[in-house]
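Visitor: Quick one: this structure, given as structure tokens, is what I'll be asking you about.
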Amino acid sequence: MPSQSRRNLLKGLAAAGAVGVMSISRDKVGEVFHKLSDEELRSYLVEGEEYVISAQSPYKTPEEIKKLAESKEKYAKQKCWESANEICGRLGEDSPECALAKKHCEKLKVKWTLAKKGVRWAMALDVNKCIGCRRCAYACVQENNVDRTQGIEWIKVVSVHREELELLGVDLEYVKAPYKDRVYIPVACNQCEYPPCIMVCPVRATWQEADGIVVVDSYRCIGCRYCMTACPYGARHLNWKPVQVDALTLNPNMHVFGNVPREVHTVEKCTWCIQRTRDGGTTACTEICPVGARAFGNLHDENSPILRIIKEYGAFVLKPGAGTKPRFFYYFGPARTPPIDAVNPKSSNWLGMPGEEGGHGGHGGEGAMGGEHNMGHGGHA
Amino acid sequence: MSNPIVELLKTIWWFIKYPFKGDWRGWTWIFAMAALAAYGLGIWAGVQAAPAIYTQLVYHMGVDPKLLEQAGISEYQGGMIYTDMNDWVVWGLYISFFVFWVGVAAAGVLFGIAAYVFRDKGFMRLAPLAEVQAVAAIAVALLLVLADIGRPIRTLLLLAMPIVTEFRFPNPQSMFDYDFTVLNGYLLVNIIGIFIAVHWYRRGPKFSPPKWLMYAFMVIAAPLAIGIHTVTAFISQPLTARLIWNNPLLAPRYVATALAAGPALLLIVSIIAEKFYKGFKVPKYVYEKTLIVSTAALIVGLYFTLSEAQELFWYTTEPVKRAQALNIFLSPLTCEAMKPILKDFAFFFTGTEQCTWGYPQVSYVAMMSWVWIILGSLTVLLAIFVPKLRKTYKGIVLLSALIIIAVVGEKTLPIIIPAYVPNVLGTIVPYTPTPLEWAVTVGAHAAGLMVYMLLARPVLKAIIAHYGSEEEH
């Protein structure tokens, strides 16, 4: 009997093995699991400069990306004109709003600029300078055509205690800033060297470009939100409802993987203003920052501000324990805004402790503006 | 021996004929379930997924928008905004119950092992019904995933790409693809298993599937059964971002409680089936043995919970992990309930008499966890120390129901929600399922129960045809 049952078992194993062999062809599996290296980043020469397409990208040639950009431009233009016609119908053909909306739709262009070879973007932020005004978050929303009806902001400014930089029990919805005992940490996508979000995507809808920017293709995203679960920085956002394109506030300068209007139920994220930076510009948040807390540049460039900042002040990253190697560096710069040891103590008249508000009476309510007012006093002293 | 092709056609006819043979009670059940499922599907397609379906069909596949508008699907109405999921709590009720039903499905093959590997005559009668349960459970799980995904049509298109276009494999690093493959593979394997069983059993007592075929079936099905739940745990287990999930105990924990809930559900279904099908008789020792296995799995699950609680509370200084752990076990409500029992100890451990533990907005998580711990322990004690209960049919049904409720308390929301509250940036965004989510979830469950009923009928008929005459002596 035992030999009989063993024979049966062997027969069963053989049958199961045959099914396994039939379903998987060995050479194809090898193709799938190839290791990604620099040599394998395909390069192309476009107008004299050398550009590269990431091996992780599902689009293998410039032609494919161009075709994608064209189809996205068609969609964006259609949405834009729908909105413009609605605005013109509501406010009249000769209203300035109508003219502006039409101008935006005419200028609308979806670029497909590729990554330059040898570039690795990085950003640095001076935590001593940041006053938590959240202008970067608003500028980002406007630059990147984020849907205004959902309250999505790619940059979240976290207010944490100065003594303990722990991301727990933090305040994201503060209304007054800056406080003396608080540090303001704007958090957006850290454009990690090892991004967990792209590893988990089942359909290759998100990948790391050759210049380090992690992009999402809203024409491939299936909205499973696995990447949002995997991101240790909360940098990814889903369009939970149909996206409204408003021709009046639309930014017509678009990139195929950047601020082109996203589709419903797809994920979007910060791309370091890919539509600006790939053309030699800087990001909107860097440009808008009123205290100059942000610096943006190429990590591989000897003259970039990033390298100088890291060398001079040292830098830290968020959640180093997550092992993602972020390329967004935070550092404590040489001076606080406004300086805490100014000659006139009133010149650094920040808001007191959060608990002391009542004691100060109307003083706290002035917020950051109060600080500006007293700066004038400081000048006299 | 008759023509094999004729026999095959007869089996297919068996599957067409018998699902719809039943009295008014059966039809009432099927129609009620169909109505619920249709309601869930309608509210999902018409509200939650409407803009996604419209966008995909109109802008990517060139369908005439008028057709969709006539069907009540419009571009700018609806969306997942009607669920309470948000950018911080990204998985909710759907994925919670997905996890539970994957577990129930995994247990189906337990009976197959007992029947076909150990050649137990009693378990052989129950094994095909266990496969039916696995199919129904996988159906619920897949429906819930489909409901949860933002772009369902695109998902199906992209995941089918290696078949329809050139070989462009979905991301091999993503655990989702493996889960998709394993779940569908297991579904297919169980459908084949049901077909094999019916194909031979329906012909009478002298026919049974060849032994080598059943061995081959088990060699494929047994690893897949453990695999579906393991891979489902592997989705969340390696994420460094979610500290509470990031421990290697998650997969064993999933499997342990799955092996408690799945058999318990099958016992209840089998006892009901015995009432309705006079020829269908399962020896009592099968129930008793299964209940013991189920209780043993429950003990292992409780032990894992203890082990996890020790890791979370004893020395851990990781503040976010502690905060998330607090969410699992403590809430102001549980604190109030425990106060009279703990008395001074509560003060000793927390340093305060105030009930400020956990987060009041998601206190249901802690309540469900305590349901699991208290009801689970109670069931274990009853099963061990009250032999009367585990030896009578009523007692078996009672214990099985307790086990299922306890495992729902362990495996649904308390596993998913604490990973998101507090979230990665340390803020608390609460999550409470909306009526839409409940409706869609209930619809998916109803669809599963309908599948269960329709598939169980031909299978039970075949089992009766095979074993019915043996019952006489």
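Visitor: For the stretch A:305-339, enumerate the residues that are crowded, with 19+ Cβ neighbours inside 10 Å, of a type outside the set (A, V, I, L, M, F, W, C) and under 23 Å from A:Lys117 (Cα atoms).
Guide: Within the stretch A:305-339, A:Thr324, A:Pro326, A:Arg327 meet the criteria.
Visitor: Output yes when any residue across the stretch B:403-418 is over 19 Å from the mean Cα position of the chain (by Cα), in a helix (DSSP H, G or I) and not polar (S, T, N, Q), and no when none is.
Guide: yes
Visitor: To continue, here is another question. Conditions first: (1) within 14 Å of chain A (Cβ to nearest Cβ); (2) of a type in the set (Val, Ile, Thr); (3) within 27 Å of B:Leu143 (Cα to Cα). B:Val198 passes all but one, so which condition is the exception?
Guide: Unmet for B:Val198, out of (1) within 14 Å of chain A (Cβ to nearest Cβ); (2) of a type in the set (Val, Ile, Thr); (3) within 27 Å of B:Leu143 (Cα to Cα): (1).
Visitor: Select from the stretch A:162-183 the residues that are of a type in the set (A, V, I, L, M) and either away from chain B (no Cβ under 14 Å) or under 21 Å from B:Arg322 (Cβ atoms) (or both) and list them in ascending order.
Guide: A:Leu165, A:Leu167, A:Leu168, A:Val170, A:Leu172, A:Val175, A:Ala177
Visitor: Tally the residues that are more than 16 Å from B:Glu311 (Cα to Cα) and within 14 Å of chain A (Cβ to nearest Cβ), restricting the search to the stretch B:238-256.
Guide: 4
Visitor: Please go through the stretch B:253-291 and give me each residue that is β-branched (Val, Ile, Thr) and closer than 22 Å to B:Gly204 by Cβ, ordered by number.
Guide: Scanning the stretch B:253-291 gives a single hit, B:Val282.
Visitor: For the stretch B:126-150, what are the residues that are in contact with a His (Cβ under 8 Å, 6 or more places away or on another chain) and in a helix (DSSP H, G or I)?
Guide: B:Val140 - this is the single residue of the stretch B:126-150 that is in contact with a His (Cβ under 8 Å, 6 or more places away or on another chain) and in a helix (DSSP H, G or I).
Visitor: Okay, moving on. Can you find, within the stretch B:211-237, the residue that is farthest from B:Glu131 (Cα to Cα) among those that are in contact (Cβ under 8 Å) with a residue 60 or more places away in the chain and more than 9 Å from chain A (Cβ to nearest Cβ)?
Guide: Ranking the candidates gives B:Thr232 first.
Visitor: Separate question: Listed residues B:Phe98, B:Phe123; which is assigned to a helix (DSSP H, G or I), modelled with pLDDT of 90 or more, surrounded by 23 or more Cβ atoms within 10 Å (Cβ to Cβ) and within 14 Å of chain A (Cβ to nearest Cβ)?
Guide: B:Phe98
Visitor: With the checklist (1) in contact with a strand residue (DSSP E or B) (Cβ under 9 Å, 6 or more places away or on another chain); (2) within 28 Å of A:Pro252 (Cα to Cα); (3) without any contact (Cβ under 8 Å) to a residue 24 or more places away in the chain in hand, flag the one item A:Leu165 doesn't pass.
Guide: In the conditions (1) in contact with a strand residue (DSSP E or B) (Cβ under 9 Å, 6 or more places away or on another chain); (2) within 28 Å of A:Pro252 (Cα to Cα); (3) without any contact (Cβ under 8 Å) to a residue 24 or more places away in the chain, A:Leu165 misses (2) alone.
Visitor: Would you confirm whether any residue within the stretch B:427-448 is outside any helix (DSSP H, G or I) and buried (at least 20 other Cβ atoms within 10 Å of the Cβ)?
Guide: The answer is yes; a qualifying residue exists.
Visitor: Residue by residue through the stretch A:119-145, note down the ones that are within 18 Å of the chain's Cα centre (by Cα), over 15 Å from A:Glu173 (Cα atoms) and either surrounded by fewer than 22 Cβ atoms within 10 Å (Cβ to Cβ) or of a type in the set (Ser, Thr, Tyr) (or both).
Guide: Matches in the stretch A:119-145: A:Val119, A:Arg120, A:Ala139, A:Val141, A:Gln142, A:Glu143.
Visitor: Do the conditions hold for B:Asp177, that is, is it farther than 26 Å from B:Leu266 by Cβ, of a type in the set (D, E, K, R) and under 20 Å from the mean Cα position of the chain (by Cα)?
Guide: It is true that B:Asp177 is farther than 26 Å from B:Leu266 by Cβ, of a type in the set (D, E, K, R) and under 20 Å from the mean Cα position of the chain (by Cα).
Visitor: Considering only the stretch B:60-73, I want to know if a residue exists there that is more than 9 Å from every other protein chain (Cβ to nearest Cβ), farther than 27 Å from B:Ile416 by Cα and either hydroxyl-bearing (Ser, Thr, Tyr) or buried (at least 21 other Cβ atoms within 10 Å of the Cβ) (or both).
Guide: Within the stretch B:60-73, one or more residues are more than 9 Å from every other protein chain (Cβ to nearest Cβ), farther than 27 Å from B:Ile416 by Cα and either hydroxyl-bearing (Ser, Thr, Tyr) or buried (at least 21 other Cβ atoms within 10 Å of the Cβ) (or both).
Visitor: Now for a separate question. Being assigned to a helix (DSSP H, G or I), of a type in the set (Ser, Thr, Tyr) and either on the phi < 0 side of the Ramachandran plot or within 21 Å of the chain's Cα centre (by Cα) (or both): is that true of A:Ser71 here?
Guide: Judged against the criteria, A:Ser71 is a match.
Visitor: Further question: Answer yes or no as to whether B:Phe234 is of a type in the set (Phe, Trp, Tyr), in a helix (DSSP H, G or I) and farther than 30 Å from A:His237 by Cβ.
Guide: no
Visitor: Just name the residue that is farthest from A:Asn144 (Cα to Cα) out of those in the stretch A:259-303 that are touching a Ser or Thr at 6+ places or on another chain (Cβ under 7 Å) and hydroxyl-bearing (Ser, Thr, Tyr).
Guide: Among them, the one singled out is A:Thr266.
The values are calculated or read from the model by the stated rules, or taken from the named source; none is laboratory data. Quick caveat: nothing in here was measured; it's all calculated off a predicted structure. So basically every Cβ, Gly included, is an ideal-geometry build from the backbone, and we count neighbours across all protein chains shown.
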